[in-house]
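Step one of this worksheet: look at the structure below.
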Amino acid sequence: MDIVLVPGLWLDGSSWSRVLPLLQAAGHRTHPVTLPGMQAKDADRSQVTLSDCVTAVTAAIDSCDDSVLLVGHSLGSAIATAALDARTEKVAGVIMVGGFPAASGGPIADGFAVEGDGIPLPALTEFDDADLRDMDQAITADFVARAIPSPARLTTDPLELTDDGRYWTPLTAVCTEYDAATLRGWIADDAAPVAEFPRYAEVGYVDLPTGHWPQFTKPDELAAIILGAIPVSVGDFLRADGLADWRSVGDRFDSHFPLPSLTTGAELARQIAQLAPGGTRVDVDLRVEGITVSIPSWGYARDVDLARQISTAAYDLGLSADPSKVQYVGLRIGAHVPADVLPFWQAVLGYRAKGEEDVVDPLRRLPDVQFMPTSDDLGDQMQFHLDVVVPHEQAEARVQAALAAGGRLVTDEFAPRWWTLADAEGNVVDIARAVLD
């Protein structure tokens, strides 16, 4: 995969030099960005704007043939946010190392002293001890020698963002001089620097206990986190060793384990909580009949390991999976102009908007609702149908069961991806199977 890496203040692309070989050894292509005005200590940066810096990152993204993983460090996370906003269709995931997603409408930072046309590295005594953790004498000397004044306008120009689609790009927050629990506390307190986090649909929090510059102090660990955030396809996830228990249904991977008792299920849930690192999103539905575990299907490489560990924990408790019990149900409503009705249903259901045609339960308990453009020829007649997604090996049996129960086949034009059926009164359902790739 192509990995584009954006440095923070005072650093050029070579600041990733300890991390790059580890990513390359894993078979990935790396693109460290040197921002305008950062080519040398004496470079002319008087005319360099924030927009110029964003353009440098989008140019690196555009140079890649396929989708990219975007990594930003510190204030580079704000620049990465702007690049993501400009290239949402090409960024498969974003990692923010010791940094936060930026908001639109103002500068991306304040409080930095400007000298001439640049922002020089402050004396190290001005940093907190936590920032400098693990910075031994050799690392400190290397860091200071590399430091280049950043363009002054980088922190004064307003940032304008236009594509809310960025909020649906998976985000990994790497917590360095603070931990994930602290970051979550700031978010819960509505602290201004982290105000954008709740708007992102999928955020994983990963702890990397060190100082503010892990590319210097913990390069091996940082590389492992980056590799763990590589997106994996549905097929690659399901074909991975040790994942026979898991199925792709809708926008998630599910596994279901029948239970001998709630106590056993509670013990598995406890172990899952310990396995999920730094706030990784894993949904656990515990009931008398069984426990269902869900992981988002915009999976990361680290999710493969997590799913395998969950299955192992279940086996150790004497549990066996029953994949036939997992499924996804979504409601599809016809609308002449979906944008006109979406806010109403968002308010009625207490859902959140997902793009321009969907609303979803923020706690992922209830069916998603998608509004589909419908023909004016139907007048005010309401159109709706259900989507039911079942494990790929279950789909045809589910179709046959529905037909045997009095249903009729409307069309199999799109089989084996999905079949459209109707009941005796014409109510429609699509029965779909997970697509492996």
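Quick note: the coordinates plus some simple rules give every number you see, no bench work behind them. Just so we're clear, the structure is a prediction, and the values are computed from it rather than from any experiment. Glycine gets a Cβ as well: all are built from the backbone with ideal geometry, and neighbour counts include every protein chain shown.
For segment 336-421, a crude dipole built from +1 on the beta carbon of Lys and Arg and -1 on the beta carbon of Asp and Glu, taken about the Cα centre, is about 440 debye to the nearest 20. DSSP bridge analysis restricted to the chain gives an antiparallel fraction near 50%, rounded to the nearest 5. For the charge dipole of the chain, defined by +1 on Lys and Arg C-beta atoms and -1 on Asp and Glu C-beta atoms about the Cα centroid, which residue among Pro107, Leu154, Val428 has the Cα displaced farthest towards the positive pole? Selected residue: Val428. Within the chain, the longest run free of exposed loop sites, counting GluC sites (Glu not before Pro) that sit outside DSSP helix and strand states (H, G, I, E, B) and have at most 14 other Cβ atoms within 10 Å, spans 161-288. Phi-derived couplings, Karplus 6.51 cos²θ - 1.76 cosθ + 1.60 at θ = phi - 60°, listed residue by residue for segment 319-325: 9, 10, 7, 10, x, 5, 8 Hz, with x used for Gly and Pro.
For the chain, a crude dipole built from +1 on the beta carbon of Lys and Arg and -1 on the beta carbon of Asp and Glu, taken about the Cα centre, is about 740 debye to the nearest 20. In segment 2-228, Cα pairs under 8 Å separated by at least six residues give a relative contact order of 24 percent.
Summarised as an ellipsoid, segment 2-228 has semi-axes of 23, 21, 19 Å, derived from the eigenvalues of the Cα gyration tensor scaled by 5 and square-rooted, with the largest first. Averaging Cα coordinates gives a centre for segment 382-396 and one for segment 44-103; these two points are 38 Å apart. Of all lysines in the structure, those lying under 29 Å Cα to Cα from Lys325, and not within fewer than 8 positions of it along the same chain, are Lys354.
Scalar couplings 3J(HN,Hα) for segment 32-37, obtained by applying the Karplus form with A = 6.51, B = -1.76, C = 1.60 to θ = phi - 60°, are x, 9, 9, 6, x, x Hz; x denotes Gly and Pro.
Rg and Dmax, both from the Cα atoms of segment 234-325 and both in Å, are 12.0, 34. The mean sequence distance of close C-alpha pairs (under 8 Å, at least 6 residues apart), as a share of the length of segment 234-325, puts its relative contact order at 40 percent. The chain: D in µm²/s via Stokes-Einstein (Kirkwood Rh, Cα pairs, 37 °C, 0.692 mPa s)? The Stokes-Einstein estimate is 137 µm²/s.
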